[in-house]
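Take a look at the structure set out below.
The values are calculated or read from the model by the stated rules, or taken from the named source; none is laboratory data. Keep in mind it's a predicted model, so treat the numbers as computed, not measured. Cβ: placed from backbone, ideal geometry, glycine included. Neighbour counts: every protein chain shown.
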Ligand code: AMP
Ligand code: GLY
C-alpha cells in the first residue's frame, strides 16, 4: 500500500513511524512533513489547507489511503473533499469533526445525552456574559467556541480577571472568529487524563491512557503551551475508571453522534478530569493528541494500518487493541522563550544517537533541513520519547536521551512524570 500522512508535527512523525512498521506498507508520503519524517517518507510541499492539491497528488501517485493529523483540515472538511473524489481517507467528516471545532456544540451534545461534564452557559454577546459573571463563583473557565491553537481557554481566579477575559475573547477577538461565541464553564479539580480512541462510526476502542503537561514551566507554572511532555499509562486511570468511562462517556458519545447523524470515524481524543464526583469530560478533539501520540503509539502492538482500515470499513469489532506492558515518557525540547518569543535556525546535534534503538525515539516538530544539517525551526523543536519497564525507568531513560541532543537555546521541563515518581508506587 501507499499511504499519505497530512501534517508536519511530532504527532505526524509518530504516526509515520508506526505506519512504517506495518507489513502492508510499501511507500509513505507526507504533506508537508518535516526533517524527521523525511527519513521515513517522501515529503511533498503541499500545505495542509489545500485540499484539492492534496487530492490531485493522491490521484496522481495512486495512493491507497490518506491519514489526516491536524484539527484544522478536519474541521474544514478535508475528509468530505477526499470522499467526494472517491478517495480512501482516515478521519472524521466535517459534520463529526465539529465535536472539536465548536465547544458550544460539544457542551450541548453532552448535556442532551447526559455525558458527565462541567456545568456551563453559552453566550454570543459580551454584555450578557459579563452580567452572568456578576453572580458566578470563582475560579471560572472561559472557552472560545472555535479552534484557537489550544489557547482559547482562560481560567479566571476573580470577577475582574473574567471580565478582562470576556473582552479579550469576544470584543478584542484575540482568537478571531473562534470568539464569536463563548462557553463559560464550572471550574473542576482533579487529575487530568487523555484517552485516544479509534472509532468506526458505531464502535469505539480506547487506546492506553496518557497525561499531558500543558504549562511551560516546572511545577505547572508559566503559560499554556501545545504540550511540554507526556507519559503513558496514567496510573490514576485505573481499570474501574476505564470501565466507568466506557459505559458513561465513550459509548454514549459514539451513540450520541450517530443519533445526531454525525457518525464519528477516526480518532476521538477525550480529555478527562478525574473529579471527586467521578470522571468528567474536559474536552473532545477529533484527532490524535500531540504529544500524547508520541507515548501511546510506541506502546501499541497492533498493525496500525489494519486498525485504520477497520475504522473506515466499519469493522472495528474485528480488532482487539493491545499495548505493551511497559511505560513511555516524552519530553519536548523547545526553544527558550516558547510559547512567546524565541529564536530559531540553530543547528541540532546528537540526532544520530537515536538510530537503530528500539526503546528511544526522537520525533521532529519544529525542524528544517539545510544541506545535511538539521536546524531548529519552531517553538517545540523535538519530542524525545523513551520506553521502560515502568514509568520510573522510562523517565530516567528519557532525560538521559534528552541530554544527547544539543542546540542553542534548548529548553525543557525537568519534571515530566515526576509527580508519579513522588507517589512512589509506580
Ligand atoms: P481544553 O483546551 O478545553 O483542554 O482546556 C485546556 C486546559 O484547561 C485543560 O487541559 C485543563 O487543564 C483546563 N481546563 C479546561 N476546562 C476546565 C475546567 N472546566 N475546569 C478546570 N480546568 C479546565
Ligand atoms: N495535547 C493536547 C492536544 O493534542 O490537544
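At a glance:
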| quantity | calculated |
| --- | --- |
| Filter pass, residue 111 being under 30 Å from residue 15 (Cβ atoms) and either part of a helix (DSSP H, G or I) or touching a helix residue (DSSP H, G or I) at 6+ places or on another chain (Cβ under 9 Å) (or both) | no |
| Residues within segment 325-358 that are closer than 21 Å to residue 417 by Cβ and exposed (fewer than 13 other Cβ atoms within 10 Å of the Cβ), tallied | 3 |
| Residue within segment 96-103 that is within 20 Å of residue 187 (Cβ to Cβ), surrounded by 14 or more Cβ atoms within 10 Å (Cβ to Cβ) and either without any contact (Cβ under 8 Å) to a residue 12 or more places away in the chain or in contact with a strand residue (DSSP E or B) (Cβ under 6 Å, 6 or more places away or on another chain) (or both) present | yes |
| Residue identified as surrounded by fewer than 24 Cβ atoms within 10 Å (Cβ to Cβ) and closer than 22 Å to residue 80 by Cα among 262, 246 | 262 |
| Tally of residues being modelled with pLDDT under 95, within 14 Å of ligand 2 (Cβ to nearest atom) and closer than 13 Å to residue 334 by Cβ across segment 217-253 | 3 |
| Matching strands (runs of 3 or more DSSP E) fully within segment 206-247 where at least 1 residues are out of contact with any strand residue (DSSP E or B) (no Cβ under 7 Å at 6 or more places or on another chain) | 215-217 |
| Test result for residue 268, within 16 Å of ligand 2 (Cβ to nearest atom), crowded, with 22+ Cβ neighbours inside 10 Å and not in a strand (DSSP E or B) | no |
| Tally of residues being assigned to a loop (DSSP other than H, G, I, E, B) and within 23 Å of the chain's Cα centre (by Cα) across segment 78-91 | 2 |
| Wholly enclosed strands (runs of 3 or more DSSP E) of segment 117-166 bearing at least 1 residues within 16 Å of ligand 2 (Cβ to nearest atom) | 140-144, 153-156 |
| When residues of segment 191-221 are limited to those that are more than 20 Å from the chain's Cα centre (by Cα) and within 16 Å of ligand 1 (Cβ to nearest atom), the one nearest to residue 119 (Cα to Cα) | 221 |
| Strands (runs of 3 or more DSSP E) contained in segment 1-77 and holding at least 2 residues surrounded by fewer than 16 Cβ atoms within 10 Å (Cβ to Cβ) and on the phi < 0 side of the Ramachandran plot | 27-32 |
| Test: residue in segment 74-89 that is within 16 Å of ligand 1 (Cβ to nearest atom) and more than 15 Å from residue 268 (Cβ to Cβ) | no |
| Long-range neighbours under 6 Å by Cβ, at least six apart or interchain, first residue more than 23 Å from residue 400 (Cα to Cα) within segment 333-350, second loosely packed, with under 13 Cβ neighbours inside 10 Å | 339/223 |
